[in-house]
Each structure stands twice: as C-alpha cells, then as structure tokens.
1. Going residue by residue through region 459-473, is there one that turns out to be open to solvent by less than 30 Å² (accessible area, probe 1.4 Å) and among the polar types (S, T, N, Q)?
2. Taking region 267-284 as the search range and keeping residues that are in a helix (DSSP H, G or I), in contact (Cβ under 8 Å) with a residue 60 or more places away in the chain and open to solvent by 20 Å² or more (accessible area, probe 1.4 Å), which one is nearest to PRO845 (Cα to Cα)?
3. Can you name the residue in region 38-61 that is in contact with a Phe, Trp or Tyr (Cβ under 8 Å, 6 or more places away or on another chain) and open to solvent by less than 80 Å² (accessible area, probe 1.4 Å) and is also farthest from GLY477 (Cα to Cα) among such residues?
4. Of (1) assigned to a helix (DSSP H, G or I); (2) of a type in the set (A, V, I, L, M); (3) crowded, with 20+ Cβ neighbours inside 10 Å, ALA388 satisfies all except one. Which?
5. Give me a count of the residues in region 533-580 that are open to solvent by less than 20 Å² (accessible area, probe 1.4 Å), modelled with pLDDT under 75 and more than 26 Å from the chain's Cα centre (by Cα).
6. Among the residues of region 72-90, are any over 30 Å from THR433 (Cβ atoms) and without any contact (Cβ under 8 Å) to a residue 12 or more places away in the chain?
7. If we keep just the residues of region 295-331 that are among the polar types (S, T, N, Q) and outside any loop (DSSP other than H, G, I, E, B), which is least open to solvent (accessible area, probe 1.4 Å)?
8. Among the residues of region 92-110, are any on the phi > 0 side of the Ramachandran plot and open to solvent by 20 Å² or more (accessible area, probe 1.4 Å)?
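The values are calculated or read from the model by the stated rules, or taken from the named source; none is laboratory data. Given the structure is predicted, the values throughout are model-derived calculations rather than measurements. Every residue, glycine among them, receives a Cβ derived from its backbone with ideal geometry; neighbour counts consider all protein chains shown. Protein only, heavy atoms only, side chains kept; ligands, DNA and RNA dropped before computing areas. Shrake-Rupley method; radii C 1.70, N 1.55, O 1.52, S 1.80 Å.
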Amino acid sequence: MKAKGFFCVCVCVCGINRYNKGSPSLLLKHRKYKELEKSVRVEEIDGMKVVKNLSKKMEEMFRKKKEAIRRLVEAAEEAHLQHEENPELQYEYFNAVLINNVDEEGNNVELGGEFVLEPNEHFNNLSVNLSLSVVQVPTNMYNKDPAIVNGVYWSEALNKVFVDNFEKDPSLIWQYFGSAKGFFRQYPGVKWHPDEHGVIAFDCRNRKWYIQAATSPKDVVILVDVSGSMKGLRLTIARQTVSSILDTLGDDDFFNIIAYNQEIHYVEPCLNGTLVRADRNNKAHFREHLDKLFAKGIGLLGDALTEAFTILNDFNQTGHGSVCSQAIMLVTDGATQMYDDVFAKFNWPDRKVRIFPYLIGRESAFADNMKWMACANKGYFSQISTLADVQENVMRYLHVMSRPKVIDHEHDTVWTEAYMDSTGSIIGPSLMTTVAMPVFSTKNETVRGILLGVVGTDIPLQELMKIIPKHLLGIHGYAFAITNNGYILTHPDLRPLYQKGQKRRKPNYSSVDLSEVEWEDKDDFLRNAMVNRKTGTFSMEVKKTVDKGKRLLKMHNDYYYTEVKGTPFSVGVALSRGHGKFFFRGNVSVEAGKCHSTLVIHSPTPSILHSINKLPERDRELIQEVLFDAVVTAPLEAYWTGLALNKSENSDKGVEIAYLGTRTGLSRTNLFVVPEDLSNQDFLTAEDKEGVFNADHFPLWYKRAAEQVPGTFVYSIPFGDVQCADSSVFLKSTIAVGIQMNLDFFQRKFWTAKDYSQTGEFFGEVEAAVMTKLLLIGSFKRLENVQYGLCFSSSYNDVAEMVTTVSVKCKSEVWFITISILNPSEHNESLKCDRLKFQKDRKRPESCHPFHPEENAMECGGAAGLSAPLTAALLPLLATLFTR
C-alpha cells in the first residue's frame, strides 16, 4: 500500500506466539539473530566517493538541459535566417493573457483564440497545452507591433523543438525564448493572469537569465545630474532611470552611483572611490538613497566624468571587479560641450569604457553633444521624455554590450542562482535555477552584432534533491551546492519563505552566502575552496539546532566537496562523525525478511519485495538494509507483547507506547494502552510530521538519541503551553528506541504565546534567532539543569531598539538575559559601511567579451540625426580610432 512518499509492506507472522515471550518460536528467533551476528559488518562511508558520484549525476542532469536549449538555439537562428521581415505582416498568435477570452457576444477576442488546456500531473495538475506554446507581451508594449509580430511569426518554429525536447527528457518543465523585442514565448502553453491592477509587469529582458546570457560581466558607474535644472519631473524620471539600470545588473557586475552638480556626491558616502557587487542587498541599499537626492546648483559634467573614469581604472587594477566590460551611464538633461579632452585623456584610443547618455526631458538643445559622446565611445544615446519611456530606453544598452559576444558568435551557457519562479510555479513556491543561452542573427548584418534573444529552461532544485543519496548520509548528513559567488543553490538551512506553505518570500533569499549557514567556519576555508572549484575535505565542530531552533546538538562534521563540471556550481557533502559515517550491513534473504511481523517502511523508493532483483542497485541496497533491520529487531515485538500481557505485574506503569526506529526508516511500535487513552493522539501518526520518518528527514526523537553517548538517556519535554505535556526517554544504541509517558509534574509553560498582530512575522523570527544564538554561544551554562524551559518577552523602547528578554529557571536560580537589537537605519552605520565594502572570494565567469574591433560605432542611437558640423567632426575621429 503506497502513501505519502513511503510504502507499507504487510507480511505474515511466521509462527510467532505473540502472547508467550518464553515460547520456543521466540527462542528460535534469538538463535537466528545470533547466527546473523556472524554476517554483520560495520562499514564506513567514503565521503569523497559519495560527493564525486553526486557531482557526476548532477553533471549529467545539467548536460541534458544544456543540450535541450542548444537545440532551441539552432532552431531559432535557422528560422530567423529563413524569415524576411515584413512590416505589413498580419499574424494571429496565441497571446498568453488573451487565450480563451470571449467578448460580450461569446466570440473569441483578437489574439485569444480557442486554446486547449488540460491538467497535467507533471506540471502539478496545472492546465497546460503540451503541443503549443503561448506568447506573452509586456503590458507597456503593443501586441501587434510589426517587430513583435514578425518575431512571433518566425519563432513559431520553436514549437516542434519544444515538444521534441520534452519527449527526449520528460523531466523538463518550462522551456522558453525571450526575444530582444520584448515578447516571451513559453512552452508548454499556459494562460497568464494579470494582477489586481490588470497589469503583468513581467519583461523577460529584465530577468537575470536573460541579462547574464546577453552580456558579459561589467563594471558600471552611474552619473546622475542633480543641478537646479533637474528639479521636479526630470529628477523623478532620473531616479526611475537609475533604478531601471540597477535592475539590469547581476551578481557578476559591480557598480557605484555618483550625483553631481558643482560638486561630486557619492550616493553612499562610505563607498567613495570604489565599486560594490550588484547583489540584491547592495542594489536595495542604493535605491533607498536615491529618494534623498535633490536638485540645486550647476552641473559640472567634466569633473563627474573624470571621477568616473578614475574609479573604473583604479578598481580594475585591483582585480576585484568584473575585469571585463566597463561603462559609464550618464543621466542628465543636457551637456553644454562634448568633453573630448576628458575622453582623449582617459578613454581613447582603446575606448574600453562605453558611454551611455540618457537625455531626460523633451528638450533636445543638447542632444547632439550627448549623441556624439555615445558614438565616440562605443555607446548608445537615448532620450527619455516620460516615465513610460524609461524601461524600453534603458534596455537598449544591453544590445550594445552584447555586440562583441554576437560578433564572436559565442553561445556561452549561463546558470542563475536559486530563485523563486515568478511566472507561476508548477509546484507552488519552489526554488529553481535556470540554464540559458543567447540567440544571434546569422544573416549578413551579423557584423553589426544583432542579438535576437535568449532561450532557457528551468530546473527545480527538487530535481537535485532526488539524486542525493540520502540513505548514505546518515541522520545529520546532508548535501549542498553553491554558485561561483558563494551563494547557496541548495542547502537544508536555506529557507526562502517566511513560513512553510506561505508564498511570501524573505528578502535576499537568493543571495544567501554559504558562510551564513556554515558559520562555524570562521576563516571561510570551506566556502572559498568550493568557490574556487577545488576538490578536498574539511572538518569542524558544529552546533545544529533542531525542533525549529529550540534544541541544540553538538557534533563534528566532515565535509567533502568538488566541482560540477560544465556549470559554475560546486557540490559538497557533510557527514557527522557520531552517527553519519558508519552503518551496519548484513545479508538476509527476502524470504527471511518477509517473515518478521508487520512492518511499516518509510522510504522514498516504492519498490516491491518480490521483484527486488529487477530493481536498480541503489534500491536493492535499500531493501536489503530494511530487511536486515526487520530480522534483527523482530524479537523486540514479542518482548513488548509479553510486557503488555503482563502489564499488571511489571513496574512500567504510565508507559503508553513503545517505539523503535532504524536508520533505514523501519519503524516498530507497540501500544500499552488503548488508542483513546494516549496523551498525544497524533504521536507517530501521519499528522505528526516531525515524529515520523519520511524521505526528507529523521524524526526529532531519533536525531537527539543518535548523537548521545551510548548507554545514556535523553528526556524530551515538549515546548508549548499545553494541558498535558508529554515526556519521552530515548536510549542511545545502534537503533533509537523510546517510550512516551503522561507525567503530570511536567505540565509547565515552556514557551510564551506570541501575538504577531502588532509586530508581524519578522518579530517572531528575531525571537527565534535570538534564542538560537544564545544556545549556540552557551549563554545558559548548564543546560541539563533547565527545568522550566525558556520564556521570551519583547518590546520596542523609545530609541527604536527591539528589546528581547529571556528568562531561564535552572533549579532554584532564575536568570534573565536582555538583548537589544538596534534599528539599523539609525545605528551601526560604520558596521553597515564595512559590510558594503567587504567582498568575499568569488570565481569570475570564464567567458568575457568586452569589445570587438568590428563593432559599428555609428549605430549609437541617433548618429543619423547628428548635425552636419558634429558629423564632420565625428567621422575623422572614428576613422583615426579604427586604424589604431
């Protein structure tokens, strides 16, 4: 009988007299057990072998996804090559928002024809179309724009490849093509729904997978004019322009923002003269400062340009930045001159720093000067008149930055960090990574560098979890993976949501560094070795919290790590020396295993005993281990039965249930009372998520017992304001056993109720974090003497401090510990600045395409519109530069 990730095997009882513990059949069982002892062996897990095998499996999984998108690239480039642009083309396509919509008369709306959608189990019963894709167009764009219609028309050729890919690799989920024109083709076809404002804000060109695939890593300085002429709407548009530029920067990019008038003002003063990584934290920090900008005075652009060139040059020499592309983004309402003297001093003849001027406002008196700057420095000029113009104009610089890659025709494969699917996850809130590749035009104009778009596919990280050999890792063992920047791809302590089942994400969930969860590694030895894609081992003492941070376990972990070839990822395995590195092995026949009572086997492998020889090797090993555990633990059931029958004669009054668990997930239980008399009706039932084995974890009672000194007892007193608290005692051995008792004298209040109506979820999380930290640093001294547990009370005082008081009663002594957490917006500015400046080791992407000599610098956003004098001045300059 199969249910909820485990399978139940019901087998017969072979001649056991369950009501007579001294029966010959029981003696025979003991004799068989003694015989089995001869075949028992203790094996040590080879952690390096485990991690290398895991790396190979991950490599193979990722290779299949990479092959799928390469087929999409080839099909897209061929389809575009065969297509002739037709500005008059009329073509009806399936718009993701409009499909199956009807008008008042019941007719299909334009671009919303009848589109068959059927629930599909692979896509979590989401209604999809496995034969066709749909097209999403950003709300701020016209659905029937000729450029979009032509792109949609030729990209229809991808439908066949989408289907073929899915047939070749049924584990694929979303496949898609993000066009440089702005539309997004997604397979399988699915209906999109606007938000409550009737808007779909999604623009594929703003997604990290698109930007990473389209461009190379870059160092960027953003110059913002805050002179008096920028007051009012112009400054508002300028702020939005800068914010949109930040949206296009990723974790492999570095940046700073300088506001200028007659003086130079660093938006973040503590970052004077340097650049910082464009991670989510830093970009959010700078956005907060943008609102503090105000306009006054006159603008000295020459000084600002000099400062920007100096920063880029100095930072590049440190080797800490991208060491690839460089750019200056100029956001202003005009330039009174061309500043050719500045460019001649800092940027010519190599022109390694591109200039991207954004003219704010409708006035064009100074447009020629700004166009000239762009054309003379391999950049692009844009004019932004309204807030609605911002995004489309900002995106244009990406096409210029992609030119060298297009001309080199380098289809670099890129992989993103872990993120939540924003297009509507097929499995609810779930982490995933994306593999993507650029698509180029192969027509004759390719020398100009035309990016058609980016193809990609998503890989749920749950797919990675399936290939992790959990049965070899032990109770506290786990596997994890990180990116080239040290960010966690998968780790048991990466929890992106505020609460399980909720959709609200924690801020910065996608940029959690490995050092934040493996914090005992003070020197970042493990992190840096993995970032630099090394293979090796590392050991350290660790402290792990269990039971939602309320209990502490101390252990010694051995770490094994290696790279995942063909990706920017590294994978590691952690094994606990106490229980994780050794396990029993023994040989028993299937028939012997079947004849030992009724077993419930909790395992991720729904195999059938009678066909064990047909199973994969991993499954056969799991079944053999379960059968072995079944045989060696069988006498305990008869013993428990005897105790139950003679309960009036024994001294174990108050015992309600006895239970046993083994490393393989085998469980045995025995009731000493009728079910209705159990103090905890949910204990060891399907509703008791933390108390039973499943594919993801061992029960809490098993974890705690396994890490104790052999022969010692662990008493478990639950936290909570309950009417009838339970206590369990566990004995450490090669298996974990326990009993649950009803003990009136343990009816205490262990954890104060929290009212989140005022303080919200963040407040509760800080409380839990404070408690965990106190436990980890040993603030409670002799924890074994704690009788009443821990109680929290929290409030905010007059100086915006959050004050948390923890009271602990140990024997007759009561200790109160008060912790103040300062409001970061008003305190600890120096610490915040240090954090912004501090840069951990990272591995740069291997590919870099900063510039190319065949680029057409005249395609710079309006060179055709330059005035005659400026054109005459520009052409000789460009001719001179091209000859160098």
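1. Looking through region 459-473, none of the residues is open to solvent by less than 30 Å² (accessible area, probe 1.4 Å) and among the polar types (S, T, N, Q).
2. Taking region 267-284 first, the residues in a helix (DSSP H, G or I) are 269-271, 280-284.
Add one more test, that the residue is in contact (Cβ under 8 Å) with a residue 60 or more places away in the chain, and what stays is 270-271, 280-282, 284.
From the residues that got through so far, the ones that are open to solvent by 20 Å² or more (accessible area, probe 1.4 Å) too are 270, 280-281, 284.
Values: CYS270: 28, ARG280: 19, ASN281: 21, ALA284: 24 Å.
Within region 267-284, the match that is nearest to PRO845 (Cα to Cα) is ARG280.
3. VAL40
4. (3)
5. Matching residues across region 533-580 total 1.
6. Looking for residues that are over 30 Å from THR433 (Cβ atoms) and without any contact (Cβ under 8 Å) to a residue 12 or more places away in the chain, one finds at least one in region 72-90, hence yes.
7. Taking region 295-331 and keeping what is among the polar types (S, T, N, Q), we get 306, 310, 313, 316-318, 322, 325-326.
Then keep just the ones that are outside any loop (DSSP other than H, G, I, E, B); that gives 306, 310, 313, 316-318, 325-326.
Details: THR306: 47, THR310: 54, ASN313: 79, ASN316: 59, GLN317: 138, THR318: 72, SER325: 3, GLN326: 22 Å².
Per the stated criteria, the residue is SER325.
8. yes
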